[in-house]
Amino acid sequence: MHTWQQARQDIALPSGFAGIIAMGAETNLWDGLGEGALGWLRRHAADHALRAQTGAPETLQRRLHEGALDLVLGYEAGARAGFDVTHVFDESLILVAHEPRGLVRWHPLYVYVDWGEAVREAHDRAYPVDETPLLTVDRAATALAYILSSGGSGYLPWRMVRDALAQGRLHRVPDAPEFARPVHAASRPGIAGQGWFSPLLAELRRLALV
């Protein structure tokens, strides 16, 4: 199946390109990182055509196993045997609010972002309450837009809120626990040896941590 998929991609290779780079990313990682990665690839791997896909982890992993994707950026290192997995960086999730406030066990304007089972369990230990959040979302960009426009607070990646914090549009809640999610790059065999692979991961780290 993989050979057939790769052959089909080679046959469909656009004129003037040496190859195709097919990259996937979970939605919360595409926002702010995927766009930057595409821009970097356009500048530094200009002889390659690009393909991009976002979606649920299960869908992206399946596409990777089928050979339709070369590289998947995700929170879970879920690639099967025979695929390469590289730790890229640790996502830092911090509690921010639209106005300065102290840490409380519960806030009526709290927006809950579902970051997956590991963060969910840590969140429940840190905030052992049974209240229903004002809003529950599975996409950080949705929560960020809502908090900026309508007020509230929530756990968001530092990389997504750093500009708003610097501008005073958001405020970090002091003494709030911080959660982390490791970010991994799963790739097909041989992809990690491509000349663009390691520099691309370095660029992702720069985008996430600067």
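The values are calculated or read from the model by the stated rules, or taken from the named source; none is laboratory data. Note that the coordinates shown come from a computational prediction; the quantities given were computed from them, not determined experimentally. Backbone-built Cβ (ideal geometry, glycine too); neighbour counts: all protein chains shown.
Identify, by number, the condition in (1) in the same structural domain as residue 137 (by TED's automatic domain parsing); (2) touching a strand residue (DSSP E or B) at 6+ places or on another chain (Cβ under 6 Å); (3) among the aliphatic types (A, V, I, L, M) that residue 164 doesn't meet.
(2)
Output the residues belonging to the stretch 152-210 that are of a type in the set (Lys, Arg) and either modelled with pLDDT of 95 or more or in a helix (DSSP H, G or I) (or both).
159, 162, 169, 172, 205, 206
Take the stretch 134-149 and flag every residue that is over 14 Å from residue 119 (Cβ atoms), touching a residue at least 24 places away in the same chain (Cβ under 8 Å) and part of a helix (DSSP H, G or I).
Scanning the stretch 134-149 gives 141, 146, 147, 148.
Here is a check on your reading of the model: is residue 90 assigned to a loop (DSSP other than H, G, I, E, B) and either outside the structural domain of residue 20 (by TED's automatic domain parsing) or over 21 Å from residue 188 (Cβ atoms) (or both)?
Taking the combined requirement at face value, the residue does not satisfy it.
Answer with yes or no whether residue 73 is under 30 Å from residue 199 (Cβ atoms), among the aliphatic types (A, V, I, L, M), in contact with a His (Cβ under 9 Å, 6 or more places away or on another chain) and buried (at least 16 other Cβ atoms within 10 Å of the Cβ).
Yes, satisfied.
Pick from the stretch 58-70 the residues that are surrounded by fewer than 17 Cβ atoms within 10 Å (Cβ to Cβ) and not β-branched (Val, Ile, Thr): which of them is nearest to residue 208 (Cα to Cα)?
58
Restricting to the stretch 102-119, what's the tally of residues that are more than 17 Å from residue 173 (Cβ to Cβ) and either outside the structural domain of residue 134 (by TED's automatic domain parsing) or not in a loop (DSSP other than H, G, I, E, B) (or both)?
Selection size over the stretch 102-119: 2.
This table checks each residue for (1) under 18 Å from residue 157 (Cα atoms); (2) of a type in the set (A, V, I, L, M, F, W, C); (3) touching a residue at least 12 places away in the same chain (Cβ under 8 Å).
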residue: 31; (1), (2), (3): yes, no, yes
residue: 50; (1), (2), (3): no, yes, yes
residue: 65; (1), (2), (3): no, no, yes
residue: 76; (1), (2), (3): yes, no, yes
residue: 84; (1), (2), (3): no, no, yes
residue: 132; (1), (2), (3): no, no, no
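For the stretch 20-59, which residues satisfy the criterion of being of a type in the set (D, E, K, R), touching a helix residue (DSSP H, G or I) at 6+ places or on another chain (Cβ under 9 Å) and either at pLDDT below 90 or not in a strand (DSSP E or B) (or both)?
If the condition is that a residue be of a type in the set (D, E, K, R), touching a helix residue (DSSP H, G or I) at 6+ places or on another chain (Cβ under 9 Å) and either at pLDDT below 90 or not in a strand (DSSP E or B) (or both), then 31 is the only one that fits.
Collect the residues in the stretch 169-191 that are surrounded by 17 or more Cβ atoms within 10 Å (Cβ to Cβ) and farther than 30 Å from residue 154 by Cβ, keeping them in residue-number order.
187, 188, 191
Suppose we filter 129, 137 for residues that are at pLDDT below 95 and either in contact with a Pro (Cβ under 8 Å, 6 or more places away or on another chain) or among the hydrophobic types (A, V, I, L, M, F, W, C) (or both); which single one remains?
None of the others qualify; the one that does is 129.
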